[in-house]
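Inspection log for the structure reproduced underneath, given as structure tokens.
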Amino acid sequence: MPVETLPPTPANTNDQPPPWRPAGARERPAGSETLEETINDVRAKIYSRSVKGVFARWRWILVALTQAIFYGLPWLNWNGRQAVLFDLGARKFYIFGMVLWPQDVIYLTLLLIISALGLFLFTAIAGRLFCGYACPQTVYTEIFMWIERKIEGDRVARIRLDESPWSVRKVRLKATKQLLWILVALWTGFSFIGFFAPVRGLGHDLMAFALGPWQWFWLLFYSFATWGNAGFLREQVCKYMCPYARFQSVMIDRDTLVVTYDKTRGEPRGSRSRKIDYKAAGLGECVDCDICVQVCPTGIDIRNGLQYMCIGCGACVDSCNQVMEKLRYPPDLIRYTSERAMVENLSVSEIRHHLIRPRVLIYSTLMLIIISVFIATLATRTTLRVDVIRDRGMLGREVAGGMIENVYRLQIINASEQPLVLSITGQGLEGMKVLVADAPDTRVKTGETAQSSSHLDIPPATNRMVPIVVRVPAESTKPGSYPITFVTKSTRPDGTVATEVREASSFIFPK
């Protein structure tokens, strides 16, 4: 990490902010803010310093991974169509080899429950890992800050640029930064609506300015939200808008791994020469360089203890370890550890042992059960669905030939990407005939359990409403309501049955 030339920071001298800190940002004890100071703190801009290290590397790996999925997924093809497409107009969700319908909302419910339990579990084990590494706010802020550093320079250079009077150079740098931010935001908005409309046709329509009104709305809205949140609001979203920051405290305890400053080693803090024996001078290992504050994306001082604004990104850990390395001090003055480990000086194996505790076991067990149910329901999911809807305007009537007729509608969903050949039979009453309006080839079998069968061709990923007429000889039974069953079978090319769906209904004999 390149070392910036900064004036030394006197410890606890007066109320004036140190020279490296921008105007409006003041150190104060936690919880002592007045309303005016809080408003000023919201308005103050945070100039975070770049940092390199293990956690910074992992953060960029997660940035690359999440954005490769987000930007790349709409462009993947599967069986001649977009691999992932949430077609709201057609009410069909295509996810690789699956076609999901509104009736499959149970899968979304299970997925949301798994996500919530996963968030609880990871928070109970290691704090706000999601916030620091995979949250969209963190990811896009990291991207926008990288662009900002490349154009305007690192922390001190940006402070000096903002404080300098307007000039051609300042306008050029600011305009270039905003242009790149807007391009990234527009590409993000375009990728977002690419999950809900075929992305290749969407690109053509965008170039021709032929998008629909809702497409224009979501493109501009999502782009504006990305540009505003990642370019300007940044840490304010995490500190004041995100609800997770407020209730995270109920999910962590003394054994949760969080970013922690070791006060036993660090205090009393103070600047010193590298050559002196700091222990003999009565000093701790913290040299009060404030670099841990400068690299923090939310502008907090981790040395004041764990705060709800901390997103657990580990930037302060990386920066402090580099300072410790230059001074030849032991590393991990700031580190990921638990409160219990810090107080009781636990070893690594003891810390891991304390991670296995009741709340972690409960979250893990619930997640395992729900994930198993989720996988099992997907594995046993049938691609053929049939719902029987009785025509309530015609409960039963006598027709020519001495037959009693009831009318139904069968809603048939082919949730596969292959055409289906279906046969529909009726069971439950002797002499039943099933007549399908869409299938003129109706065959009637006679015998002790007389049935009628009709054949339908259902295209792939199709929802069809099929009118069904059921006729029974009038003399076969007395007036009343009788249970019947519709049996719908899909057959393979070799004639064997692939799927069978049985749906119950009732047949009305009028008086």
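How far apart, in nm, are two points set 7 Å out from the Cα along the Cα-to-Cβ line at ALA83 and at ASP457?
Between ALA83 and ASP457, the simple spin-label model gives 3.2 nm.
Multiply the residue gap between ILE61 and SER273 by 0.36 nm, knock off their C-alpha separation, and tell me the result in nm, one decimal place.
Full extension of this stretch gives 72.6 nm more.
Given the C-alpha centroids of the range 252-289 and the range 160-208, what is the distance between them in whole angstrom?
Cα centres, the range 252-289 to the range 160-208: 43 Å.
Only Lys, Arg, Asp and Glu count, each charged at its Cβ (+1, +1, -1, -1), so figure out the dipole size of the range 255-407 about its Cα centre, rounded to 20 debye.
220
For the peptides 375-382, 90-97, 478-485, 466-473, what is the packing order when you average, over each peptide's residues, the other Cβ atoms within 10 Å and list the highest mean first?
Packing order, densest peptide first, comes out as 466-473, 90-97, 478-485, 375-382.
Return an integer: the convex hull volume of the alpha-carbon atoms of the range 125-210, in Å³ per residue.
In the range 125-210, the Cα convex hull volume per residue is 133 Å³.
Could you give the dipole magnitude of the chain about its Cα centre, charging the beta-carbon of Lys and Arg +1 and that of Asp and Glu -1, in debye to the nearest 20?
I would put it at about 820 debye.
Extending each Cα 7 Å along its Cβ direction at TYR482 and HIS353, get the distance between those two points in nm, one decimal.
Here the answer is 7.4 nm between the modelled labels.
With a 10 Å radius around each residue's Cβ, average the other Cβ atoms per peptide and rank 312-321, 245-254, highest first.
Per-residue mean Cβ counts within 10 Å order the peptides as 312-321, 245-254.
Which links in LYS52/LYS275; LYS45/LYS150; LYS150/LYS239 stretch past 24 Å when you go from one Cα to the other?
Listed pairs above 24 Å: LYS52/LYS275; LYS150/LYS239.
Have a look at MET324, PRO460, THR260 and report the one farthest towards the positive end of the charge dipole of the chain, computed about the Cα centre with Cβ charges (Lys/Arg +1, Asp/Glu -1).
MET324
Hey, got a sec? Which trypsin sites (Lys or Arg not before Pro) in the range 284-332 land in a DSSP loop and have at most 11 other Cβ atoms within 10 Å? The partial results should precede the final answer.
On the way: sites: ARG303, LYS326, ARG328; in loops: ARG328.
Those that pass, being in a loop and sparsely packed, are ARG328.
For each of SER338, SER506, count neighbouring Cβ atoms within 10 Å of the residue's Cβ, then give the residues from fewest to most.
In order of increasing Cβ crowding within 10 Å: SER506, SER338.
Before rounding to the nearest 500, sum -39500 (n - 2.57) across all DSSP H runs of length at least 4 in the chain and divide by the residue total; then give [θ] at 222 nm in deg cm²/dmol.
-11500 deg cm²/dmol
Could you compute how fast the chain diffuses translationally, taking Rh as the Kirkwood radius over C-alpha pairs and applying Stokes-Einstein at 25 °C with viscosity 0.890 mPa s? Give it in µm² per second.
86
Report the local net charge at LEU65: Lys and Arg +1, Asp and Glu -1, summed over other residues whose C-beta lies under 15 Å from its C-beta.
In short, +1.
Would you please classify the overall shape of the range 223-321 from the alpha carbon gyration tensor, given that a ≥ b ≥ c denote the square roots of the eigenvalues, rounded means a/c under 1.5, and beyond that prolate means a/b larger than b/c while oblate covers the rest?
Here the range 223-321 falls in the oblate category.
Values in this text are rule-based calculations from the coordinates and carry no lab data. Everything numeric here is computed off the predicted structure, so don't read it as measured data. Glycine gets a Cβ as well: all are built from the backbone with ideal geometry, and neighbour counts include every protein chain shown.
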